[in-house]
Amino acid sequence: MMTNCTANDGFEISPRFRLTVEERIARLERDAEFDEARVSGLIDADHIRRHMRLVAVQRAEALRMRLFLDRARTRLPQPLIAL
């Protein structure tokens, strides 16, 4: 869990890790849309409530990850040729 993080804290992530997080965000958002579309087929009110809670959690996690990426700098890859 992240604690209070300001823009001046400055941390770097690798390009590969950034890509992994971006892919996870896309998957969460895609799953949230899919799950929300399935609500119309549900009958039980309690099931609908739990299902919508799942959608909200998926979207909240995607937002949390987007905020993380906004605060992080991507580390430049190491040069292939030694200078």
Pairs returned, first residue in the stretch 17-36 that is closer than 21 Å to residue 49 by Cβ and of a type outside the set (A, V, I, L, M, F, W, C), second residue that is open to solvent by less than 50 Å² (accessible area, probe 1.4 Å) and part of a helix (DSSP H, G or I), beta-carbon separation under 9 angstrom, 6 or more apart or interchain, are 31/55; 31/58; 33/55; 35/51; 35/55; 35/58; 36/51; 36/55
Residue pairs within 7 Å by beta carbon, gap of at least six or interchain, first lying in the stretch 49-78 and in contact (Cβ under 8 Å) with a residue 12 or more places away in the chain and farther than 22 Å from residue 37 by Cβ, second outside any helix (DSSP H, G or I) and among the hydroxyl-bearing types (Ser, Thr, Tyr), listed first then second, are 75/14
Within the stretch 33-83, of all residues that are over 30 Å from residue 17 (Cα atoms) and outside any helix (DSSP H, G or I), the one most open to solvent (accessible area, probe 1.4 Å) is 43
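The values are calculated or read from the model by the stated rules, or taken from the named source; none is laboratory data. If you're wondering where the values come from, they're calculated on a predicted model, not measured in any experiment. Every residue, glycine among them, receives a Cβ derived from its backbone with ideal geometry; neighbour counts consider all protein chains shown. Ligands, DNA and RNA are stripped out before the accessible areas are found, and what is left, the full protein with its side chains, is counted by its heavy atoms. Shrake-Rupley method; radii C 1.70, N 1.55, O 1.52, S 1.80 Å.
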